Amino acid sequence: MDKGRTQELIQEVIDSLLTDNSFLNMKDQPKREEIVQSAGEILKTTDKIIKSYIRVSRENGGIERIPAFRVQHNNISGFYKGGIRFSENVSEEEVENMAILMTLKNALHGLPFGGAKGGVFVSPRKYSERELNLISKKYVQRFTPEIGPTYDIPAPDMGTDERIMDWMVGEYKTIHPGQSYSGAFTGKSEEMGGAKGRRESTGIGTFLSYTYLLTEWLKAYTNGERDLNSKRSSQLETIQRLRDKHASSEAIKVNVQGFGNVGSVAALEAYWDENVKHEVLAVSDQFVTLYHPEGLNIEKLNQYARESHELPKTEAELAVADVEAEILDAKAVLTMETDVLVLAAIEDQITEENMKAVKADVLVEGANAPINVAADRYMQKEGKMIIPDILANAGGVHVSYLEWKQSRVTEVYDKDKVLEEMAAQMRSAFQKVYDEYFYGLGGHTVRFICYKQAIERLVTLMYRHGKLY
Ligand code: NAD
């Protein structure tokens with residue numbers, strides 16, 4: 001999903017709110033429409049885009065100037081918040097799209113944050129530890145007037161981790177002596193005040209977005225516990241088919257693209273799940289897909305990947321990992337036989353080129369924007385259940401909120417408490433979205449419902465703040 005499509009979808013929601021007189025119930029209809037249109041203009045544009053070049057002196061000699069960005073989209077619902085990505089795919093447009101998605105995600109999940117995102121055009125694998133340390137510190141130096149615990153709070157994203165957040169906090173502290181610094185970044189190590197469970201939170205939340213639907217939500221529906229009409233959709237039938245598999249003790253098959261923070265944890269959740277029997281048939285990273293028809297040993301793969309930062313890609317490395325698997329092309333994971341496909345790598349992975357070959361019935365977006373517009377439309381018509389990024393991958397920002405909170409009250413929350421709180425908050429967002437999707441007016445995708453619920457909150461806040469005159 002590119003920036004243009006994100007903006008189009010925002011406008012589609014705004015158009016639907018224009019005809020919904022119950023939203024911002026006002027006697028003066030022309031005024032109400034003007035207010036809603038104005039909010040659309042604000043949400044489709046970005047507050048601030050800052051671009052800089054980071055100067056790095058390489059260990060093997062020479063100087064490089066690396067493009068770096070911080071994009072602040074909107075802060076009506078709270079301080080700007082969003083990860084920093086180190087990747088060779090970083091571009092201004094992509095970072096801006098991610099910042100818009102952060103605004104929507106935080107609003108959808110009722111978090112008191114706005115949306116921002118950062119990016120550095122660099123492949124971490126090609127730089128030494130010292131060079132990465134320098135890049136991280138320079139990033140803070142360049143963007144320091146824009147960052148702070150009560151203004152804009154970065155976190156890790158693809159290619160960055162707790163080590164990099166710790167370095168950034170260290171630099172922030174040096175630049176701002178005597179000021180509060182711990183809440184300026186989330187996703188830090190526990191020693192530096194990071195929340196316990198932050199690393200696992202996005203993967204756990206991503207997998208929960210699907211299992212919640214399959215078990216808790218569907219159970220309430222099947223038992224008729226809620227007053228629901230008999231409206232059916234092919235997506236509901238898709239989920240019920242999986243539920244029937246589960247009821248007959250047949251394993252539900254899962255494939256996971258991406259084996260980093262999000263993908264490896266989502267795969268482990270499937271592997272360990274005690275409530276529903278799952279088999280993880282295939283996992284991938286940017287170099288390989290590993291496949292086993294009876295299920296991979298995810299625990300052993302995880303152990304290997306934690307140490308080497310990638311999956312085994314040769315027979316010899318598989319032997320070191322003590323895992324049996326067939327080695328396939330990195331993209332194979334997307335179109336192999338499975339019930340559920342968790343997308344936890346990068347954007348634009350399912351497009352016109354491969355959408356017809358996708359076999360999974362359920363697609364869960366752990367990554368941001370992994371399915372492009374055409375593929376989204378096509379697969380929706382095919383009856384596939386797509387759980388969108390802003391709903392599925394918010395576990396990390398929920399825990400970031402707890403980390404930010406604990407840094408302000410100088411407390412440390414227990415890991416179980418952190419993950420329970422995250423899951424409880426996510427469940428309530430899932431229930432609200434799935435209820436409206438399956439039992440609302442119909443004709444919309446889950447993504448549209450997520451955008452609608454987020455935008456309703458944002459427009460209401462802008463109106464209450466008196467920003468729409
Ligand atoms: P990571 O860097 O830990 O892992 C990324 C994984 O994707 C690695 O296995 C890598 O090999 C693989 N990958 C990279 N490029 C690829 C390519 N071209 N083709 C196939 N695989 C490729 O990153 P992460 O933190 O796990 O984030 C993954 C996705 O989830 C990103 O889109 C990120 O924006 C999103 N996300 C992450 C978090 C978080 O808390 N980490 C929160 C929300 C969303």
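Below, the figures for the structure above:
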| quantity | calculated |
| --- | --- |
| Condition met for residue 360 (within 26 Å of residue 94 (Cα to Cα) and either open to solvent by less than 30 Å² (accessible area, probe 1.4 Å) or modelled with pLDDT under 95 (or both)) | no |
| So residue 413, is it aromatic (Phe, Trp, Tyr), open to solvent by 10 Å² or more (accessible area, probe 1.4 Å) and more than 16 Å from the ligand (Cβ to nearest atom) | yes |
| Among (1) more than 25 Å from residue 239 (Cα to Cα); (2) open to solvent by 30 Å² or more (accessible area, probe 1.4 Å); (3) within 11 Å of the ligand (Cβ to nearest atom), the one test that residue 289 misses | (2) |
| Single condition residue 71 does not satisfy, out of (1) touching a Lys or Arg at 6+ places or on another chain (Cβ under 6 Å); (2) surrounded by fewer than 18 Cβ atoms within 10 Å (Cβ to Cβ); (3) not in a helix (DSSP H, G or I) | (2) |
| Count of residues meeting criterion [modelled with pLDDT of 90 or more, in a helix (DSSP H, G or I) and either within 16 Å of the ligand (Cβ to nearest atom) or hydroxyl-bearing (Ser, Thr, Tyr) (or both)] in the range 225-262 | 3 |
| Tally, over the range 146-160, of residues that are surrounded by fewer than 19 Cβ atoms within 10 Å (Cβ to Cβ) and charged (D, E, K, R) | 1 |
| Odd one out for residue 403 among (1) touching a His at 6+ places or on another chain (Cβ under 6 Å); (2) under 17 Å from residue 197 (Cβ atoms); (3) not basic (Lys, Arg) | (1) |
| Members of the range 331-357 found to be of a type in the set (Val, Ile, Thr) and either touching a Ser or Thr at 6+ places or on another chain (Cβ under 6 Å) or within 14 Å of the ligand (Cβ to nearest atom) (or both), listed by number | 333, 335, 342, 346, 350, 351 |
| Candidate set from the range 22-38 (those that are part of a loop (DSSP other than H, G, I, E, B) and in contact with a helix residue (DSSP H, G or I) (Cβ under 7 Å, 6 or more places away or on another chain)); member that is most open to solvent (accessible area, probe 1.4 Å) | 26 |
| Inter-residue pairs, beta-carbon under 9 Å, first among the basic types (Lys, Arg) and in the range 4-23, second open to solvent by less than 40 Å² (accessible area, probe 1.4 Å), 6+ apart | 5/97; 5/369; 5/372; 5/373; 5/376 |
| Criterion violated by residue 397 - all others in (1) open to solvent by less than 20 Å² (accessible area, probe 1.4 Å); (2) within 12 Å of the ligand (Cβ to nearest atom); (3) not in a helix (DSSP H, G or I) satisfied | (3) |
| In the range 300-318, the residues that are open to solvent by 40 Å² or more (accessible area, probe 1.4 Å) and over 26 Å from the mean Cα position of the chain (by Cα) | 313, 314, 315, 316, 317 |
| Filter result for residue 332 (surrounded by fewer than 16 Cβ atoms within 10 Å (Cβ to Cβ), on the phi < 0 side of the Ramachandran plot and not hydroxyl-bearing (Ser, Thr, Tyr)) | no |
| Test: residue in the range 204-224 that is open to solvent by 20 Å² or more (accessible area, probe 1.4 Å), within 12 Å of the ligand (Cβ to nearest atom), modelled with pLDDT of 90 or more and within 29 Å of residue 309 (Cβ to Cβ) | yes |
| Selected residue [assigned to a helix (DSSP H, G or I), without any contact (Cβ under 8 Å) to a residue 12 or more places away in the chain and surrounded by fewer than 17 Cβ atoms within 10 Å (Cβ to Cβ)] from 41, 93 | 41 |
| Criterion violated by residue 160 - all others in (1) touching a residue at least 60 places away in the same chain (Cβ under 8 Å); (2) within 16 Å of the ligand (Cβ to nearest atom); (3) over 30 Å from residue 435 (Cβ atoms); (4) not in a loop (DSSP other than H, G, I, E, B) satisfied | (4) |
| Long-range neighbours under 6 Å by Cβ, at least six apart or interchain, first residue farther than 20 Å from residue 391 by Cβ within the range 440-467, second modelled with pLDDT under 90 | 462/468 |
| Selected residue (only one of 121, 143 is touching a residue at least 40 places away in the same chain (Cβ under 8 Å), away from the ligand (no atom under 13 Å from the Cβ) and open to solvent by 10 Å² or more (accessible area, probe 1.4 Å)) | 121 |
| Members of the range 361-388 that are within 16 Å of the ligand (Cβ to nearest atom) and either more than 21 Å from residue 8 (Cα to Cα) or over 20 Å from the mean Cα position of the chain (by Cα) (or both) | 363, 364, 366 |
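The values are calculated or read from the model by the stated rules, or taken from the named source; none is laboratory data. Computed from a predicted structure; not experimentally measured. Note that each Cβ is placed from the backbone with ideal geometry, even for glycine, and that neighbours are counted across all protein chains shown. Quick note on the areas: whole protein, heavy atoms, side chains included, nothing else; ligands and nucleic acids left out. Shrake-Rupley method; radii C 1.70, N 1.55, O 1.52, S 1.80 Å.
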